[in-house]
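Peer 1: The structure is given below, and queries will be raised subsequently.
The values are calculated or read from the model by the stated rules, or taken from the named source; none is laboratory data. Quick caveat: nothing in here was measured; it's all calculated off a predicted structure. A quick note on method: Cβ atoms are made from the backbone with ideal geometry, for glycine too, and the neighbour counts reach across all protein chains shown. Ligands, DNA and RNA are excluded from the accessible area calculation, which covers all protein heavy atoms including side chains. Shrake-Rupley method; radii C 1.70, N 1.55, O 1.52, S 1.80 Å.
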Amino acid sequence: MKPLLLVTKQGVYGSLQDKGRYGYRAFGIPLSGPMDNVSFHAAQLILHHFHDQTSFEMFVGGFEFEALADSIYVLTGGCCTCLVNSAPIEMWKTFQLTKGDRLAIKNVSQGSIVYLTPLGGFHSEYELGSSSYLPLGNLGTAISKGSILYGQVASPLKMNRGLYAPYRPTFASSITVRMFKGPHFELFTEESQRLFLQNPFQFIGGNRMGYYIKGPTLQLQNMQDILSEATQFGTIQVPQSGNPIILMADAQTVGGYPIIATIHEDDLHKVAQMRMFNTIKFVLEE
């Protein structure tokens with residue numbers, strides 16, 4: 001491994017993430033991994049990685065770096081202003097940083113999450129089969145101002161690579177996602193079931209554990225104790241407030257709130273990229 005980048009300015013939130021920590025949910029360890037799997041995997045393909053390597057995932061930008069060595073990188077994810085030595089660069093295409101260069105990830109204008117991936121991926125110690133950072137589990141490496149990001153040894157690319165513009169993901173302010181009925185769907189009033197399926201909900205905040213959405217208040221037919229159920233990335237729980245919570249990549253593996261639905265895994269990348277006050281609508285898959 002070799003030192004690649006020094007974090008000279010910390011943004012809103014950033015973490016090292018690889019494909020995720022598989023095989024440990026039975027022990028209460030979340031999957032973790034990338035929130036937006038599409039943008040993460042696109043970076044791997046662009047850099048011609050045969051296995052998913054570790055990327056640096058950033059929420060809403062704000063990070064700045066100084067290059068400590070020459071290397072090739074790609075930026076994928078939400079649309080943002082990215083500068084190398086104050087000159088703009090294009091996302092979704094490889095670019096080079098030479099020692100001493102400064103990379104700035106400015107404001108994200110569409111979507112909310114950006115991935116920075118070097119050729120060969122970043123290096124971080126494996127814990128329970130993954131390098132993904134999970135703060136509540138004290139797993140992985142925390143990154144803050146002054147941290148050094150290390151890289152892996154990799155074969156050089158023979159040419160610049162990228163994803164052709166028409167094939168890049170788009171990030172809309174209103175999204176529609178597919179969902180399946182949860183184990184407690186029928187426990188909600190018929191009116192709540194109808195409201196859930198017919199009305200948009202607004203994203204009002206969250207993090208890698210869960211996204212809070214607000215819309216029509218959802219109510220159970222009868223207030224009752226419910227046995228805890230297994231949860232996953234995309235589970236939609238409804239606490240007593242009646243406002244749903246979408247569980248995300250770092251969410252707990254078991255929950256006691258009623259589960260009204262689970263979002264189709266192929267639509268989770270759209271959910272992950274929501275910004276404050278974006279809206280989401282659910283379509284039932286039978």
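Peer 1: Considering only protein heavy atoms, what per residue accessible area in square angstrom results for the stretch 39-85 with a 1.4 angstrom probe?
Peer 2: Details: 1470 Å² over 47 residues.
Per-residue value: 31 Å².
Peer 1: Another question about this same structure. With charges set only on the Cβ (+1 for Lys and Arg, -1 for Asp and Glu), what does the dipole of the chain come to about its Cα centre, in debye to the nearest 20?
Peer 2: On the way: 21 positive and 22 negative charges, 166 e Å.
I would put it at about 800 debye.
Peer 1: Give me the angle, in degrees from 0 to 90, between the Cα long axis of helix 37-46 and the longest principal axis of the Cα atoms of the chain, rounded to the nearest 10.
Peer 2: Roughly 20 degrees between the two axes.
Peer 1: Next question. Which number comes out as Rg/Rh for the stretch 120-263 once both Rg and the Kirkwood Rh are worked out on C-alpha atoms?
Peer 2: On the way: Rg = 20.1 Å, Rh = 18.4 Å.
Taking Rh as the inverse mean 1/r over Cα pairs, Rg/Rh reads 1.09.
Peer 1: Give the residue list of chymotrypsin sites (Phe, Trp or Tyr not before Pro) in the stretch 1-41 that are DSSP loop and have at most 13 other beta-carbon atoms within 10 angstrom.
Peer 2: Values: sites: Tyr13, Tyr22, Tyr24, Phe27, Phe40; in loops: Tyr22, Tyr24.
Qualifying residues, ordered by number: Tyr22.
Peer 1: Considering only protein heavy atoms, what per residue accessible area in square angstrom results for the stretch 155-285 with a 1.4 angstrom probe?
Peer 2: Working: 7000 Å² over 131 residues.
Here the per-residue accessible area is 53 Å².
Peer 1: Sum -39500 (n - 2.57) across every DSSP H segment of at least 4 residues in the chain, then divide by the residue count to get the 222 nm mean residue ellipticity, nearest 500.
Peer 2: Values: 3 runs with 24 residues, N = 286.
Mean residue ellipticity, 222 nm, calculated: -2000 deg cm²/dmol.
Peer 1: Out of the chymotrypsin sites (Phe, Trp or Tyr not before Pro) in the stretch 49-143, which ones are loop residues according to DSSP with at most 16 other C-beta atoms within 10 Å? Don't skip to the answer; put the middle values down first.
Peer 2: On the way: sites: Phe50, Phe56, Phe59, Phe63, Phe65, Tyr73, Trp92, Phe95, Tyr115, Phe122, Tyr126, Tyr133; in loops: Phe50, Phe63, Trp92, Tyr126, Tyr133.
Sites meeting the loop and neighbour criteria: Phe50, Tyr126.
Peer 1: I want the local charge near Leu31. Using Cβ-Cβ distances under 15 Å, sum +1 for each Lys or Arg and -1 for each Asp or Glu among the other residues.
Peer 2: Every neighbour counted, the sum reads -3.
Peer 1: Let me ask something else about it. Once label points are set 7 Å from the Cα along Cα→Cβ at both Gln221 and Tyr167, what is their separation, rounded to one decimal in nm?
Peer 2: Roughly 5.0 nm, to one decimal.
Peer 1: Then there is this: Carbon and sulfur: what percent of the stretch 168-260's accessible surface (1.4 Å probe)? Please list the in-between numbers first.
Peer 2: On the way: 2190 of 4570 Å².
Looking at the stretch 168-260 in its full context, I get 48 percent from C and S.
Peer 1: Give the separation of the Cα centroids, the stretch 259-285 to the stretch 106-183, in Å.
Peer 2: The stretch 259-285 and the stretch 106-183 have Cα centres spaced 19 Å from each other.
Peer 1: If you add up the charges near Arg102, with Lys and Arg at +1 and Asp and Glu at -1, over every other residue whose beta carbon is less than 13 angstrom from its beta carbon, what do you get? Can you show the working numbers first?
Peer 2: Working: positive: Lys9, Lys99, Lys106; negative: Glu64, Glu66, Asp101.
Counting the neighbours of Arg102, the net charge comes to 0.
Peer 1: Test of the criteria: in the stretch 115-216, which trypsin sites (Lys or Arg not before Pro) are in a DSSP loop and have at most 11 other Cβ atoms within 10 angstrom of their Cβ? Before the final figure, lay out each step's value.
Peer 2: Values: sites: Lys145, Lys158, Arg161, Arg178, Lys181, Arg194, Arg208, Lys214; in loops: Lys145, Lys158, Arg161, Arg208.
Hits after loop and neighbour filter: Lys158.
Peer 1: Another one. Using Cα springs under 10 Å in a Gaussian network model of the chain, which residue among Val12, Val60, Val177 shows the largest mean-square fluctuation?
Peer 2: Largest GNM mean-square fluctuation: Val12.
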